[in-house]
1. Sorted by accessible area with a 1.4 angstrom probe, largest first, how do Glu129, Glu106 fall?
2. Between Rg and the Kirkwood Rh of the range 170-248, both from Cα atoms, what is the Rg to Rh ratio?
3. What nm distance separates the two modelled labels at Ser32 and Ser198, each placed 7 Å from Cα along Cα→Cβ?
4. Dividing the alpha-carbon radius of gyration of the range 59-102 by 2.2 N^0.38 Å (N being the number of residues), what value is obtained?
5. State the Kirkwood hydrodynamic radius of the range 95-235 in Å, one decimal place, computed from all pairs of distinct Cα atoms.
6. Using DSSP loop states and a limit of at most 12 other Cβ atoms within 10 Å to flag trypsin sites (Lys or Arg not before Pro), what is the longest stretch of the chain containing no flagged site?
7. Treating the beta-carbon of each Lys and Arg as +1 and of each Asp and Glu as -1, no other charges, what is the dipole magnitude of the chain about its Cα centre, to the nearest 20 debye?
8. Can you bin the chain into rounded, prolate or oblate? Criterion: square roots of the alpha carbon gyration tensor eigenvalues sorted a ≥ b ≥ c, rounded for a/c under 1.5, prolate for a/b above b/c, oblate for the rest.
Amino acid sequence: MWLGVITLFPEMFDAVSSNGVFGRAVDNGIISLNRYNPRDFSTDKHRTVDDRPYGGGPGMVMMVEPLLKALEAAKKDAPENALVVLMSPQGEVFSQAKGIDCGQLEGLILICGRYEGIDERFIRGHVDEEWSIGDYVLSGGELAAMVATDAIARHLPGTLGNQMSVIDESHLDGTLDYPHYTRPEKLGLDVVPAELLSGNHKQMSRYRRREALKRTLDRRPDLLTGRVFSQEDRKLLEECFAGCNAAKAVE
Ligand code: 9D3
């Protein structure tokens with residue numbers, strides 16, 4: 001996948017391009033990461049990229065010209081049908097489903113804003129979609145772009161050594177992850193659950209599924225509303241309720 005980022009802080013992306021799963025995908029050529037700095041396309045001697053907002057008020061606004069020239073440079077290098085996305089607090093909230101869908105794209109250009117915002121005429125004229133990563137205020141679009149690209153990269157074929165761990169991923173199936181344990185078996189009095197030591201695969205996977213459902217019910221009940229459960233899940237959920245005092249009090 002061809003990735004382009006338009007950013008005033010291109011070095012920030014070293015954090016993802018030289019580490020972990022994303023870094024390996026870049027090294028293996030699964031992802032080509034290309035950066036474009038609007039400052040390089042500014043024409044005045046101070047290399048200005050922002051100006052005061054019409055209508056007054058605090059902060060500065062990113063000017064159209066340097067952004068547009070950076071975008072044009074990106075488009076020259078990108079596959080023809082690349083999607084142009086502005087990272088923006090006003091955007092549609094990025095999701096796991098979106099991350100998986102975007103794995104199909106040949107090219108993706110992410111524009112990272114700084115200052116108070118971007119001249120609306122650039123957005124209207126040159127942006128296909130706007131993405132937010134959630135309802136909190138960041139200082140710019142770069143971290144948001146890294147979050148989105150990391151989520152997308154995980155779904156490109158060959159990115160993960162173990163593609164099973166993608167299939168197993170919690171937000172796909174709509175439940176939170178089960179708890180994990182490794183050696184040693186005993187940490188003082190705190191021991192690994194007996195079910196996981198049993199060696200009985202049916203018992204081990206029933207334990208994990210039950211704990212995943214229990215945690216989801218406890219921490220993120222919103223993920224379970226409106227869902228249809230399998231017979232097996234219903235049985236495991238009943239076991240969760242049986243272990244819950246509030247449920248016992250209602251009976
Ligand atoms: C506090 C400043 N806000 C004025 C009321 C506007 C504002 C402008 C620019 C708020 C944040 C930003 C920078 N943020 C992003 O560019 C951004 C972002 C975010 O802040 N939260 C979640 N997702 C995203 S995607 C891009």
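The values are calculated or read from the model by the stated rules, or taken from the named source; none is laboratory data. The model shown is predicted, which means the values in this text are computed figures rather than measured ones. Virtual Cβ from ideal backbone geometry, glycine too; neighbours counted across all protein chains shown. Heavy atoms of the whole protein, side chains included, go into the accessibility calculation; ligands, DNA and RNA do not. Shrake-Rupley method; radii C 1.70, N 1.55, O 1.52, S 1.80 Å.
1. On the way: Glu129 55, Glu106 115 Å².
Ranking Glu129, Glu106 by accessible area, largest first, yields Glu106, Glu129.
2. Ratio of gyration radius to Kirkwood radius: 1.00.
3. It is 5.2 nm.
4. Working: Rg = 13.5 Å, N = 44, 2.2 N^0.38 = 9.3 Å.
Against the compact-globule rule of thumb, the ratio is 1.46.
5. The Cα-based Kirkwood calculation yields 18.9 Å.
6. Values: sites that count: Lys45, Arg227.
In the chain, the maximal stretch lacking such sites is 46-226.
7. On the way: 29 positive and 38 negative charges, 131 e Å.
That gives the chain a dipole magnitude of about 620 debye.
8. Numbers: a/c = 2.78, a/b = 2.11, b/c = 1.32.
Cα axes put the chain in the prolate bin.
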